[in-house]
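The values are calculated or read from the model by the stated rules, or taken from the named source; none is laboratory data. The structure presented is a predicted model; accordingly, all values stated were derived computationally and were not measured. Because the Cβ atoms are built from the backbone with ideal geometry, glycine has one as well, and the counts that use them run over all protein chains shown.
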(Lines give C-alpha, C1' and ligand atoms only; values in the text may rest on other atoms or scores of the structure.)
Protein backbone atom coordinates (compact mmCIF):
# COMPACT_ATOMS: atom_id res chain seq x y z
CA UNK A 1 0.00 0.00 0.00
CA UNK A 2 1.48 3.37 -0.97
CA UNK A 3 1.95 6.29 1.41
CA UNK A 4 -0.58 8.25 -0.61
CA UNK A 5 -3.20 5.56 -0.17
CA UNK A 6 -2.56 5.39 3.59
CA UNK A 7 -2.82 9.16 3.92
CA UNK A 8 -6.04 9.20 1.94
CA UNK A 9 -7.60 6.55 4.16
CA UNK A 10 -6.41 8.13 7.41
CA UNK A 11 -7.72 11.54 6.40
CA UNK A 12 -11.10 10.21 5.29
CA UNK A 13 -13.65 12.51 6.90
CA UNK A 14 -16.30 10.79 8.95
CA UNK A 15 -14.92 7.29 8.39
CA UNK A 16 -17.27 5.06 10.37
CA UNK A 17 -15.96 3.35 13.49
CA UNK A 18 -17.48 0.09 14.63
CA UNK A 19 -17.10 -3.43 15.96
CA UNK A 20 -16.08 -6.21 13.59
CA UNK A 21 -16.23 -10.01 13.72
CA UNK A 22 -13.55 -11.66 11.56
CA UNK A 23 -14.21 -15.32 10.66
CA UNK A 24 -11.58 -17.45 8.93
CA UNK A 25 -10.33 -20.98 9.58
CA UNK A 26 -6.73 -20.01 8.68
CA UNK A 27 -4.82 -18.31 11.54
CA UNK A 28 -2.64 -16.36 9.06
CA UNK A 29 -5.71 -14.91 7.37
CA UNK A 30 -7.26 -13.92 10.71
CA UNK A 31 -3.99 -12.23 11.71
CA UNK A 32 -3.90 -10.39 8.38
CA UNK A 33 -7.42 -9.12 8.86
CA UNK A 34 -6.66 -7.98 12.41
CA UNK A 35 -3.44 -6.17 11.37
CA UNK A 36 -5.31 -4.45 8.55
CA UNK A 37 -8.30 -3.33 10.61
CA UNK A 38 -7.51 -3.24 14.34
CA UNK A 39 -6.17 0.32 14.22
CA UNK A 40 -9.56 1.52 12.94
CA UNK A 41 -12.09 -0.88 14.47
CA UNK A 42 -12.72 -3.11 17.45
CA UNK A 43 -12.06 -6.62 16.16
CA UNK A 44 -13.11 -10.06 17.43
CA UNK A 45 -12.12 -13.27 15.67
CA UNK A 46 -13.54 -16.76 15.19
CA UNK A 47 -11.97 -19.82 13.57
CA UNK A 48 -15.22 -21.48 12.47
CA UNK A 49 -18.97 -21.03 12.18
CA UNK A 50 -19.72 -22.51 15.61
CA UNK A 51 -17.34 -20.13 17.40
CA UNK A 52 -18.72 -17.21 15.36
CA UNK A 53 -22.25 -18.14 16.30
CA UNK A 54 -21.40 -18.12 20.00
CA UNK A 55 -19.88 -14.63 19.69
CA UNK A 56 -22.90 -13.36 17.75
CA UNK A 57 -25.23 -14.62 20.44
CA UNK A 58 -23.31 -12.61 23.06
CA UNK A 59 -22.27 -9.45 21.20
CA UNK A 60 -23.73 -7.14 18.56
CA UNK A 61 -21.39 -6.44 15.63
CA UNK A 62 -21.55 -3.70 13.03
CA UNK A 63 -19.77 -5.73 10.38
CA UNK A 64 -18.93 -9.41 9.87
CA UNK A 65 -16.16 -10.54 7.51
CA UNK A 66 -16.49 -14.23 6.77
CA UNK A 67 -14.40 -16.66 4.76
CA UNK A 68 -16.53 -18.46 2.20
CA UNK A 69 -14.74 -21.83 2.22
CA UNK A 70 -14.30 -23.31 5.71
CA UNK A 71 -14.16 -26.94 6.85
CA UNK A 72 -17.51 -28.26 7.99
CA UNK A 73 -20.06 -25.47 7.94
CA UNK A 74 -19.30 -23.08 5.10
CA UNK A 75 -19.46 -19.32 5.09
CA UNK A 76 -22.60 -19.45 2.92
CA UNK A 77 -24.30 -21.70 5.47
CA UNK A 78 -23.48 -19.20 8.22
CA UNK A 79 -24.54 -16.27 6.03
CA UNK A 80 -28.08 -17.65 5.94
CA UNK A 81 -28.24 -17.48 9.77
CA UNK A 82 -26.67 -14.06 10.29
CA UNK A 83 -29.86 -12.00 9.69
CA UNK A 84 -31.54 -13.80 12.59
CA UNK A 85 -28.50 -13.55 14.88
CA UNK A 86 -27.29 -10.08 13.86
CA UNK A 87 -30.12 -8.31 12.02
CA UNK A 88 -28.27 -4.97 11.85
CA UNK A 89 -24.85 -6.31 10.83
CA UNK A 90 -23.29 -5.76 7.42
CA UNK A 91 -21.53 -8.82 5.95
CA UNK A 92 -18.57 -9.10 3.59
CA UNK A 93 -17.59 -12.49 2.20
CA UNK A 94 -13.95 -13.38 1.49
CA UNK A 95 -12.91 -16.20 -0.86
CA UNK A 96 -9.94 -17.49 -2.74
CA UNK A 97 -12.10 -18.35 -5.77
CA UNK A 98 -13.14 -15.63 -8.22
CA UNK A 99 -16.43 -17.25 -9.19
CA UNK A 100 -19.28 -15.06 -10.44
CA UNK A 101 -22.00 -17.53 -9.51
CA UNK A 102 -20.70 -17.84 -5.95
CA UNK A 103 -20.51 -14.07 -5.64
CA UNK A 104 -24.09 -13.68 -6.85
CA UNK A 105 -25.26 -16.31 -4.38
CA UNK A 106 -23.53 -14.50 -1.51
CA UNK A 107 -25.12 -11.20 -2.49
CA UNK A 108 -28.54 -12.85 -2.80
CA UNK A 109 -28.16 -14.14 0.76
CA UNK A 110 -27.54 -10.61 2.01
CA UNK A 111 -23.80 -10.01 1.75
CA UNK A 112 -22.81 -6.36 1.27
CA UNK A 113 -19.61 -7.19 -0.55
CA UNK A 114 -17.35 -9.91 -1.96
CA UNK A 115 -13.53 -9.83 -1.79
CA UNK A 116 -11.20 -12.24 -3.59
CA UNK A 117 -7.91 -13.33 -2.02
CA UNK A 118 -5.22 -12.09 -2.21
CA UNK A 119 -6.41 -8.53 -1.58
CA UNK A 120 -4.65 -5.30 -0.73
CA UNK A 121 -5.26 -3.56 2.57
CA UNK A 122 -6.70 -0.51 0.84
CA UNK A 123 -9.21 -2.71 -1.00
CA UNK A 124 -10.24 -4.33 2.28
CA UNK A 125 -10.67 -1.02 4.10
CA UNK A 126 -12.62 0.57 1.24
CA UNK A 127 -15.02 -2.41 1.20
CA UNK A 128 -15.40 -2.27 4.99
CA UNK A 129 -16.08 1.47 5.03
CA UNK A 130 -18.52 1.26 2.14
CA UNK A 131 -20.39 -1.58 3.85
CA UNK A 132 -20.54 0.32 7.15
CA UNK A 133 -21.75 3.48 5.44
CA UNK A 134 -24.44 1.53 3.60
CA UNK A 135 -25.42 -0.13 6.88
CA UNK A 136 -25.63 3.27 8.61
CA UNK A 137 -27.81 4.64 5.80
CA UNK A 138 -30.13 1.63 5.91
CA UNK A 139 -30.51 1.90 9.69
CA UNK A 140 -31.11 5.65 9.43
CA UNK A 141 -33.69 5.10 6.70
CA UNK A 142 -35.40 2.39 8.74
CA UNK A 143 -35.44 4.60 11.83
CA UNK A 144 -36.73 7.52 9.79
CA UNK A 145 -39.45 5.34 8.31
CA UNK A 146 -40.29 4.11 11.79
CA UNK A 147 -40.58 7.70 13.04
CA UNK A 148 -42.77 8.59 10.10
CA UNK A 149 -44.99 5.58 10.77
CA UNK A 150 -45.18 6.53 14.43
CA UNK A 151 -46.03 10.13 13.53
CA UNK A 152 -48.62 8.88 11.05
CA UNK A 153 -50.14 6.65 13.72
CA UNK A 154 -50.23 9.59 16.12
CA UNK A 155 -51.77 11.82 13.46
CA UNK A 156 -54.27 9.10 12.62
CA UNK A 157 -55.10 8.76 16.30
CA UNK A 158 -55.47 12.54 16.60
CA UNK A 159 -57.68 12.60 13.50
CA UNK A 160 -59.75 9.73 14.82
CA UNK A 161 -60.14 11.57 18.11
CA UNK A 162 -61.07 14.78 16.29
CA UNK A 163 -63.62 12.92 14.17
CA UNK A 164 -64.99 11.27 17.29
CA UNK A 165 -65.31 14.68 18.93
CA UNK A 166 -66.97 16.02 15.79
CA UNK A 167 -69.38 13.10 15.77
CA UNK A 168 -70.12 13.73 19.44
CA UNK A 169 -70.82 17.37 18.62
CA UNK A 170 -73.17 16.32 15.83
CA UNK A 171 -75.03 13.96 18.13
CA UNK A 172 -75.19 16.67 20.79
CA UNK A 173 -76.66 19.08 18.23
CA UNK A 174 -79.22 16.42 17.38
CA UNK A 175 -80.04 15.88 21.04
CA UNK A 176 -80.58 19.60 21.50
CA UNK A 177 -82.83 19.69 18.45
CA UNK A 178 -84.89 16.80 19.79
CA UNK A 179 -85.20 18.55 23.16
CA UNK A 180 -87.32 21.12 21.38
CA UNK A 181 -89.79 18.33 20.58
CA UNK A 182 -89.53 16.89 24.09
CA UNK A 183 -90.44 20.23 25.62
CA UNK A 184 -93.79 20.07 23.82
CA UNK A 185 -94.54 16.36 23.50
CA UNK A 186 -93.13 13.96 26.08
CA UNK A 187 -94.73 10.99 24.32
CA UNK A 188 -92.84 11.82 21.13
CA UNK A 189 -89.61 12.21 23.13
CA UNK A 190 -89.88 8.73 24.64
CA UNK A 191 -90.77 7.37 21.22
CA UNK A 192 -87.59 8.96 19.78
CA UNK A 193 -85.33 7.45 22.47
CA UNK A 194 -86.62 3.97 21.68
CA UNK A 195 -86.18 4.26 17.93
CA UNK A 196 -82.48 5.08 17.51
CA UNK A 197 -80.99 1.72 18.56
CA UNK A 198 -83.75 -0.30 16.90
CA UNK A 199 -83.27 1.47 13.57
CA UNK A 200 -79.50 0.99 13.84
CA UNK A 201 -79.83 -2.76 14.46
CA UNK A 202 -82.42 -3.10 11.69
CA UNK A 203 -80.08 -1.31 9.25
CA UNK A 204 -77.25 -3.70 10.09
CA UNK A 205 -79.53 -6.65 9.30
CA UNK A 206 -80.13 -5.03 5.91
CA UNK A 207 -76.37 -4.92 5.22
CA UNK A 208 -75.55 -1.37 6.28
CA UNK A 209 -72.03 -0.73 7.57
CA UNK A 210 -71.60 0.20 11.24
CA UNK A 211 -71.03 3.85 10.34
CA UNK A 212 -74.02 4.07 7.99
CA UNK A 213 -76.24 2.19 10.44
CA UNK A 214 -75.32 4.61 13.25
CA UNK A 215 -75.92 7.58 10.96
CA UNK A 216 -79.34 6.25 10.00
CA UNK A 217 -80.16 5.50 13.62
CA UNK A 218 -79.48 9.04 14.75
CA UNK A 219 -81.10 10.51 11.65
CA UNK A 220 -84.28 8.58 12.50
CA UNK A 221 -84.52 10.53 15.75
CA UNK A 222 -85.46 13.58 13.69
CA UNK A 223 -88.38 11.99 11.87
CA UNK A 224 -90.98 13.98 13.84
CA UNK A 225 -88.96 17.17 14.43
CA UNK A 226 -91.47 19.04 12.26
CA UNK A 227 -94.05 18.63 15.03
CA UNK A 228 -92.45 21.67 16.61
CA UNK A 229 -94.52 23.64 14.10
CA UNK A 230 -97.83 21.98 15.02
CA UNK A 231 -100.05 23.91 17.50
CA UNK A 232 -100.35 22.37 20.96
CA UNK A 233 -104.13 22.00 20.81
CA UNK A 234 -103.66 19.65 17.86
CA UNK A 235 -100.40 17.97 18.85
CA UNK A 236 -101.61 17.15 22.35
CA UNK A 237 -105.30 16.55 21.62
CA UNK A 238 -106.44 13.47 23.57
CA UNK A 239 -109.05 12.38 21.03
CA UNK A 240 -109.28 11.82 17.28
CA UNK A 241 -108.35 14.75 15.04
CA UNK A 242 -110.87 16.49 12.80
CA UNK A 243 -110.24 16.65 9.07
CA UNK A 244 -108.84 20.18 9.34
CA UNK A 245 -106.71 19.27 12.37
CA UNK A 246 -105.36 16.22 10.57
CA UNK A 247 -104.41 18.41 7.62
CA UNK A 248 -102.43 20.67 9.94
CA UNK A 249 -100.81 17.68 11.65
CA UNK A 250 -99.73 16.28 8.29
CA UNK A 251 -97.79 19.46 7.64
CA UNK A 252 -95.16 18.34 10.14
CA UNK A 253 -93.56 16.18 7.42
CA UNK A 254 -92.78 19.16 5.18
CA UNK A 255 -91.90 21.36 8.17
CA UNK A 256 -89.30 18.82 9.31
CA UNK A 257 -87.94 18.50 5.79
CA UNK A 258 -87.46 22.26 5.45
CA UNK A 259 -85.82 22.46 8.88
CA UNK A 260 -83.18 19.86 7.99
CA UNK A 261 -82.68 20.17 4.23
CA UNK A 262 -79.67 21.82 2.58
CA UNK A 263 -77.11 20.69 5.17
CA UNK A 264 -73.81 19.03 4.10
CA UNK A 265 -74.05 16.92 7.27
CA UNK A 266 -75.11 13.42 6.11
CA UNK A 267 -77.04 12.85 9.33
CA UNK A 268 -79.18 15.93 8.76
CA UNK A 269 -79.50 15.24 5.03
CA UNK A 270 -80.84 11.74 5.68
CA UNK A 271 -82.96 13.11 8.52
CA UNK A 272 -84.53 15.53 6.03
CA UNK A 273 -85.55 12.63 3.75
CA UNK A 274 -86.94 10.67 6.67
CA UNK A 275 -88.88 13.61 8.11
CA UNK A 276 -90.55 14.23 4.75
CA UNK A 277 -91.25 10.66 3.65
CA UNK A 278 -91.85 8.48 6.72
CA UNK A 279 -95.64 8.78 6.25
CA UNK A 280 -95.57 7.76 2.59
CA UNK A 281 -97.06 4.34 1.85
CA UNK A 282 -95.85 1.53 -0.38
CA UNK A 283 -99.17 1.62 -2.31
CA UNK A 284 -98.90 5.38 -2.95
CA UNK A 285 -101.71 6.53 -0.65
CA UNK A 286 -99.50 8.20 1.94
CA UNK A 287 -98.48 11.84 2.42
CA UNK A 288 -97.21 14.47 1.75
CA UNK A 289 -96.41 13.61 -1.91
CA UNK A 290 -98.12 10.29 -2.54
CA UNK A 291 -94.90 8.45 -3.38
CA UNK A 292 -95.15 4.73 -4.05
CA UNK A 293 -92.82 1.70 -3.86
CA UNK A 294 -89.17 2.44 -4.41
CA UNK A 295 -89.89 6.12 -5.04
CA UNK A 296 -89.89 6.36 -1.25
CA UNK A 297 -86.29 6.77 0.02
CA UNK A 298 -84.95 3.58 1.61
CA UNK A 299 -84.13 5.40 4.86
CA UNK A 300 -87.76 6.51 5.20
CA UNK A 301 -89.06 3.00 4.44
CA UNK A 302 -86.83 1.54 7.16
CA UNK A 303 -87.76 4.16 9.75
CA UNK A 304 -91.47 3.92 8.92
CA UNK A 305 -91.61 0.29 10.07
CA UNK A 306 -89.89 1.02 13.39
CA UNK A 307 -91.91 4.23 13.84
CA UNK A 308 -95.26 2.55 13.36
CA UNK A 309 -94.37 -0.40 15.60
CA UNK A 310 -93.18 1.97 18.33
CA UNK A 311 -96.31 4.10 18.01
CA UNK A 312 -98.56 1.06 18.27
CA UNK A 313 -96.82 -0.37 21.34
CA UNK A 314 -96.73 2.88 23.34
CA UNK A 315 -99.57 4.84 24.92
CA UNK A 316 -100.76 7.78 22.83
CA UNK A 317 -102.95 10.73 23.93
CA UNK A 318 -105.88 9.21 22.00
CA UNK A 319 -105.45 5.46 22.81
CA UNK A 320 -103.66 2.87 24.94
CA UNK A 321 -100.72 0.79 23.69
CA UNK A 322 -101.52 -2.30 21.66
CA UNK A 323 -100.20 -5.74 22.71
CA UNK A 324 -96.94 -6.63 21.00
CA UNK A 325 -98.51 -9.60 19.19
CA UNK A 326 -101.22 -7.36 17.76
CA UNK A 327 -98.68 -4.77 16.61
CA UNK A 328 -96.57 -7.43 14.90
CA UNK A 329 -99.64 -8.74 13.09
CA UNK A 330 -100.46 -5.18 11.97
CA UNK A 331 -96.98 -4.93 10.45
CA UNK A 332 -97.39 -8.25 8.66
CA UNK A 333 -100.84 -7.24 7.36
CA UNK A 334 -99.45 -3.92 6.09
CA UNK A 335 -96.69 -5.50 4.00
CA UNK A 336 -97.22 -4.52 0.36
CA UNK A 337 -99.76 -1.79 1.16
CA UNK A 338 -98.34 0.47 3.86
CA UNK A 339 -94.85 -1.01 4.09
CA UNK A 340 -92.10 -2.31 1.82
CA UNK A 341 -92.83 -6.09 1.93
CA UNK A 342 -89.15 -7.11 1.70
CA UNK A 343 -88.23 -4.87 4.63
CA UNK A 344 -91.12 -6.20 6.71
CA UNK A 345 -89.91 -9.75 6.07
CA UNK A 346 -86.36 -8.95 7.22
CA UNK A 347 -87.67 -7.10 10.27
CA UNK A 348 -90.01 -9.88 11.38
CA UNK A 349 -87.49 -12.65 10.61
CA UNK A 350 -85.00 -10.92 12.92
CA UNK A 351 -87.50 -9.40 15.34
CA UNK A 352 -86.05 -10.74 18.60
CA UNK A 353 -82.51 -9.64 17.76
CA UNK A 354 -83.54 -6.21 16.42
CA UNK A 355 -85.79 -5.45 19.40
CA UNK A 356 -83.52 -6.83 22.14
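Points to keep in mind about this one:
- The residues of region 251-283 that are part of a helix (DSSP H, G or I), exposed (fewer than 15 other Cβ atoms within 10 Å of the Cβ) and free of Cβ contacts under 8 Å to residues at least 40 places away in the same chain amount to a single one, 258.
- In summary, helices (runs of 4 or more DSSP H) completely within region 284-356 and bearing 1 or more residues that are within 21 Å of residue 219 (Cβ to Cβ) occur at 298-312, 341-349, 351-354.
- Within region 233-249, the presence of a residue that is assigned by TED's automatic domain parsing to the domain that holds residue 341, under 36 Å from the mean Cα position of the chain (by Cα) and not in a helix (DSSP H, G or I) is excluded.
- Some residue of region 309-330 being crowded, with 18+ Cβ neighbours inside 10 Å and either touching a strand residue (DSSP E or B) at 6+ places or on another chain (Cβ under 8 Å) or modelled with pLDDT of 95 or more (or both): no
- Some residue of region 126-134 being more than 34 Å from the chain's Cα centre (by Cα), modelled with pLDDT under 85 and either surrounded by 10 or more Cβ atoms within 10 Å (Cβ to Cβ) or not in a helix (DSSP H, G or I) (or both): no
- Flag if residue 124 is assigned by TED's automatic domain parsing to the domain that holds residue 48 and without any contact (Cβ under 8 Å) to a residue 40 or more places away in the chain: no
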